[in-house]
Structure formats: C-alpha cells, structure tokens
Amino acid sequence: MNGPFDLALALGDDALIAAQRLAEWTTRAPEMEEDVALANIALDQLGAARLLLTYAGELEGAGRDEDALAYLRDDREFRNCLLVELPNGDFAVTMAKLLFLSAYQLPLYTALAGCADERLAAIGAKARKESAYHLDHASLWARRLGDGTAESHRRMQAAVDQVWPYVHELFAPFPGAPVDPTTLRAAFDATVDPVLAEATLARPADGWAPAGGRDGRHTEHLSYLLAEMQVLHRAHPGAIW
Amino acid sequence: MRARRGLAHTHVGSLHAPDAELALRNARDLYTRRQEGVSIWVVPAGAITASSPDEKDAFFDPAADKVYRHPTFYEVPDGVAHL
C-alpha cells in the first residue's frame with residue numbers, strides 16, 4: 001500500500017463518480033437554472049478528478065494516465081466511497097448526497113492544502129473553494145426543502161435517512177494517507193448538524209454503516225454507471241472530441 | 001454584473017428564482033461561468049419601472065435635433081488656453 005497513491009486514487013474516484021452521477025441530471029433538473037448549477041458542480045468534480053487521477057497515475061509509475069484510470073478499470077478496481085455511486089433518486093436524495101459529500105470534501109481538501117505533498121496540497125487548495133460552493137448549494141436546498149411544505153419535508157427527511165448510513169465510511173482510517181479522515185468527522189458534524197436543525201430535519205441515529213468502497217467492494221449500482229461512462233472509450237480507444 | 005475592470009454594473013440577463021438568495025446563486029451559475037464578473041446585483045422584475053415602447057417618440061425623439069448638446073458642436077475660439 002502506498003499512502004499518497006491510494007489517497008489520490010480514492011479521492012479521484014470519489015470526484016469522478018460524483019461528477020458522472022450529477023451529470024445525469026443534465027436536461028432533467030427541476031428548472032433550467034438548477035440544470036446549469038448541477039452541471040457546474042459536476043464539472044468542478046470532474047476537474048478535481050482529472051487532477052487527482054493524473055497524479056495517481058504518475059505516482060503509480062505504470063504508464064497509466066487519467067483516461068486509462070477512468071475508462072479502463074472495472075468496478076472492483078475503483079476506490080470511491082459508496083455514497084457517490086448511489087443512484088440519484090429524487091432531487092432531495094441528490095441534495096442529501098451532495099450535502100454530505102461536500103461537508104466531507106471541504107475539510108478534507110482544506111487539510112490536504114496544508115499537507116507536505118506539494119501536488120496534493122495544490123489540488124486541495126483549488127478544490128476546497130469549489131467544495132465550499134457545493135456545500136452552500138446543497139445546504140440551501142436542504143433548508144428549503146426541509147423547512148418547506150409537508151411533502152418537501154417528508155421527502156428531504158426520507159432522503160437524509162436513506163443516505164446517512166453511507167456517511168460513516170468517509171471517516172474510516174486510511175493507512176498511510178497524508179490526511180487522516182478520522183480527524184474530519186468533527187468538522188463534518190459541525191457543518192451538517194446546524195443545516196439539519198435549521199431545515200427542521202432530524203439527524204438520523206447512527207447504526208448500519210455499509211463500507212467497502214475503498215477496498216473495491218461496491219454496490220451493484222457502480223458497474224451500471226461504469227458501463228455507461230466507459231462504453232465509448234472502450235469501443236473507440238483514445239477517442240477525443 | 002460588474003466586470004473585473006468595469007466600474008458600473010451592466011445588465012447581463014434574466015432568470016427565474018423563488019427569492020433573492022437563490023436568484024443570486026442562479027445568476028452566479030448562469031452568468032459567471034467564464035469569469036465574466038466579480039460582483040452581481042439581482043433585482044426582481046417587478047421592481048423595475050421601464051419606459052414603454054409606445055412612449056418612444058415622446059421620450060427620445062426630441063433629443064435628436066439638439067446637436068448643440070454635444071460638446072463637439074462648439075468651436076473653440078482661437079486663443080483659449082487650458083480648455
């Protein structure tokens with residue numbers, strides 16, 4: 001195990017899969033303005049994914065570039081957390097996923113920005129500003145839907161309840177990594193708890209905590225996502241546009 | 001929107017939003033994708049009082065033949081310094 005490589009790969013996969021899921025909303029978002037907003041966030045995630053996967057390829061030293069890592073691995077070789085591969089569900093589920101992901105990525109990238117690895121520090125410094133906006137966007141919708149109508153509250157609470165178990169995996173120990181994810185949980189709670197409270201949403205009880213993404217053990221959803229994401233590159237290797 | 005080197009905000013477009021907070025964010029997403037600006041104002045359409053196209057003649061035509069309102073209409077007399 002190589003700490004910086006494993007971390008760059010895991011975080012790159014988080015961002016890549018999150019980008020692919022968010023991009024599924026394109027032309028399907030509830031309103032045109034939100035359509036563009038989600039596409040912007042997806043592109044932010046994709047940008048971070050490219051930097052992280054390129055760096056992971058260099059650290060590996062086996063000649064794999066960002067495309068080889070993104071398009072030519074199977075699901076068991078992906079190291080993303082389970083949270084990002086979960087289906088979008090309704091808009092509330094997507095916002096719950098984005099809220100928890102950005103509340104994790106923001107302190108993570110902030111910590112990376114101060115780590116000894118110069119490349120990871122530079123990527124963290126760039127990505128944390130984007131994460132701050134993602135968090136703002138998701139928090140705003142969580143408050144709006146949670147403290148909105150009876151129906152929007154019901155659906156936002158259901159979304160939070162559904163996604164919450166997948167949060168715990170984010171803060172599992174990561175041996176050898178320049179940043180210890182277990183130290184980020186306090187910042188996550190300090191961000192998420194007030195948002196849930198203001199949104200009149202109940203913080204779910206901790207219990208079932210599915211994990212395995214960082215070891216390549218994924219939900220069944222990931223391979224379907226990869227099939228769609230990778231088909232073009234596999235059918236036409238090296239295709240560009 | 002105020003551009004990086006601009007002094008005044010200029011109109012860049014209109015959008016839908018339930019309130020000002022979201023309007024500001026929607027504007028950020030729609031109109032600053034290519035670094036067009038560093039400051040955004042949003043104004044509800046209902047707060048704008050606009051001149052009517054029907055009033056165009058009465059509003060704007062009278063200015064058309066007042067060339068003396070342009071500084072270039074006047075010839076600077078010889079011998080006037082510091083003007």
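The values are calculated or read from the model by the stated rules, or taken from the named source; none is laboratory data. In this text the structure is predicted, and so the values were computed from the model without any measurement. Cβ atoms come from the backbone with ideal geometry, glycine included; neighbour counts cover every protein chain shown. All accessible areas refer to the heavy atoms of the entire protein, side chains included, with ligands and DNA or RNA removed. Shrake-Rupley method; radii C 1.70, N 1.55, O 1.52, S 1.80 Å.
What is the residue count in the stretch B:2-30 for residues that are in a loop (DSSP other than H, G, I, E, B), surrounded by 15 or more Cβ atoms within 10 Å (Cβ to Cβ) and out of contact with any helix residue (DSSP H, G or I) (no Cβ under 9 Å at 6 or more places or on another chain)?
1
With A:L59, A:L69, A:L46, A:L83 as the choices, which residue is part of a helix (DSSP H, G or I), at pLDDT 95 or above and within 15 Å of A:H134 (Cα to Cα)?
On inspection, the qualifying residue turns out to be A:L46.
Identify, please: which residue in the stretch B:1-30 is acidic (D, E) and farther than 16 Å from A:V36 by Cα and is, among those, nearest to the other protein chains (Cβ to nearest Cβ)?
B:E21
Would you pick out the residues in the stretch A:31-54 that are within 11 Å of another protein chain (Cβ to nearest Cβ), in contact (Cβ under 8 Å) with a residue 24 or more places away in the chain and open to solvent by 60 Å² or more (accessible area, probe 1.4 Å)?
Of everything in the stretch A:31-54, just one residue is within 11 Å of another protein chain (Cβ to nearest Cβ), in contact (Cβ under 8 Å) with a residue 24 or more places away in the chain and open to solvent by 60 Å² or more (accessible area, probe 1.4 Å), namely A:L43.
In the set B:A50, B:A63, B:A45, B:A58, which member is within 30 Å of A:G148 (Cβ to Cβ) and either away from chain A (no Cβ under 14 Å) or open to solvent by 80 Å² or more (accessible area, probe 1.4 Å) (or both)?
Going through B:A50, B:A63, B:A45, B:A58 in turn, the sole match is B:A45.
Here is a list of conditions, (1) over 20 Å from B:H9 (Cα atoms); (2) part of a loop (DSSP other than H, G, I, E, B); (3) basic (K, R), and B:R33 meets all of them except one; can you say which number that is?
For B:R33, the exception is condition (1).
Taking the stretch B:31-41 as the region of interest, how many residues are within 12 Å of another protein chain (Cβ to nearest Cβ), open to solvent by 50 Å² or more (accessible area, probe 1.4 Å) and at pLDDT 90 or above?
The qualifying residues number 1.
Among residues belonging to the stretch A:4-21 that are of a type outside the set (D, E) and open to solvent by 10 Å² or more (accessible area, probe 1.4 Å), point out the one that is nearest to A:R214 (Cα to Cα).
A:L9
So, in the stretch A:144-166, how many residues would count as being surrounded by fewer than 19 Cβ atoms within 10 Å (Cβ to Cβ) and either closer than 28 Å to A:A49 by Cβ or of a type in the set (F, W, Y) (or both)?
So the count comes out to 2.
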